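Structure first, commentary second.
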Amino acid sequence: MTTAFYSHNDCMKHDMGPGHPESPERLSRIMAYLADSPLEKKLDWVRPEEITREQLLTAHPESYLQQLENMQPAQGRVFTDPETAMIPHTLRAARLAAGASVQAVDRVMSGQATNAFVCTRPPGHHAESARSMGFCFYNNVALAALHALIEHGLERVAIIDFDVHQGNGTVDIVGGDERILMCSTFQHPFFPHSHVYRQADNIVNVPVPAGCGSEEYRKLIEENWLDRLQAFKPQMLLVSAGFDAHKRDPMGELNLETADFRWLTELLINIAAEHAENRIVSVLEGGYDLNALCECVAEHLEALSAV
């Protein structure tokens, strides 16, 4: 089978301003990197459509959707928080990113693809049920998880988040939902400074100290994630794939190597093979050193496409 690769040029039209780390170049550089690699012919390239209103409402209330639409400017730029900006193209890009995530679930569940990678922006894991923040507007991975449960009748879905920043929005939406097990690693103390302690039983938070390197990081994952995932027996794995824990990333202070993301991907592949019929949908979150981002995405995709 194949790895489906979801992306859309209109996701590059969202632009939060000169010098902003969450830039259109994040996608354009990945695309250029893949075009010059053997992966270009290995992947099944798919253009997503916008998510539907009904699908958005599974994770976000109507009042929040209306708030975003009312804020989106006809021209210029407005800020929903000090670091998250909207321009006229923003919500289309966000709806495409969210749409790609749920459509990737459909493709994998139908057997048209073994697994999928959603290469879109804006990212999603900081978007809470009724709050945009941290460059995020809709929570792509939470929407994908709820879609798998509601539309495909799955009983157990795991969310894995290895971004350097904690996925507070995902915790806000799925915390307490026993159909979902969320396992995450993140630098701590660090942005967003919330949703770390006293979480619901279905949330496995693994705070990681600044300066953490490969050996310590891998040990933390093995000690904290594996038993929970094995006991949960997920029928699908959804990944918030942030590559900003790389040692070259300017937004974090962890010291992971490119090879660590390949190791982590292969670990998840093994869990999916044992419990989930190989079903993995991975969604791009952070990653702001463009060279490191391209290298890590390529390693992630090499592992996924080898299944």
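Structural remarks
- In a DSSP loop and with at most 14 other Cβ atoms within 10 Å, the GluC sites (Glu not before Pro) in segment 132-187 are E155, E178.
- GluC sites (Glu not before Pro) restricted to segment 15-67 and DSSP loop, no more than 14 other C-beta within 10 Å: E49
- Ranked S214, S23, S282, criterion: other C-beta atoms within 10 Å, fewest first: S214, S23, S282
- Rg/Rh for segment 213-307, where both radii come from Cα atoms and Rh is the Kirkwood radius: 0.97
- With both residues required to sit in the chain, DSSP beta bridges show an antiparallel share near 10%.
- Each Lys or Arg adds one and each Asp or Glu subtracts one; over the other residues with Cβ under 9 Å from the Cβ of G242, this totals -4.
- Relative contact order for the chain, counting Cα pairs under 8 Å that sit 6 or more residues apart, in percent: 20
- By average C-beta atoms within 10 angstrom, highest first, the peptides 100-107, 120-127, 289-296: 120-127, 100-107, 289-296
- Within the chain, the selection of entire DSSP H helices by a Cα span of 18 Å or greater along the long axis and an average Kyte-Doolittle value of at least 0.5 returns 290-305.
- Shape call, segment 122-244: gyration tensor on alpha carbons, a/c limit 1.5: oblate
- Neighbour net charge for H14 - beta-carbon separation under 10 angstrom, K R +1, D E -1: 0
- Two-decimal log10 I(q)/I(0) for segment 66-201, as the Debye equation yields it once each C-alpha is a single scatterer, q = 0.17 Å⁻¹: -0.96
- Mean separation of Cα pairs under 8 Å and 6 or more residues apart, divided by the residue count, gives segment 116-273 a relative contact order of 22 percent.
- Among (1) 24.8; (2) 20.1; (3) 18.8, the entry derived from the coordinates for Kirkwood radius over Cα pairs in Å: (3)
- Highest-fluctuation residue, V78, V283, V206 considered, GNM on the chain with Cα pairs under 10 Å: V78
- DSSP beta bridge pairing in segment 1-141, given as percent antiparallel to the nearest 5: 40
- Local electrostatic count, H275, Cβ distance below 9 Å [Lys/Arg +1, Asp/Glu -1]: 0
- Cα-based shape type of segment 1-53, given that a ≥ b ≥ c are square roots of the gyration tensor eigenvalues and the cut on a/c is 1.5: oblate
Read the figures in this text as sums done on the coordinates, not as results from a lab. Keep in mind the model is a prediction, meaning the values are calculated, not measured. Positions of Cβ are generated from backbone atoms using ideal geometry, with glycine treated the same way; all protein chains shown enter the neighbour counts.
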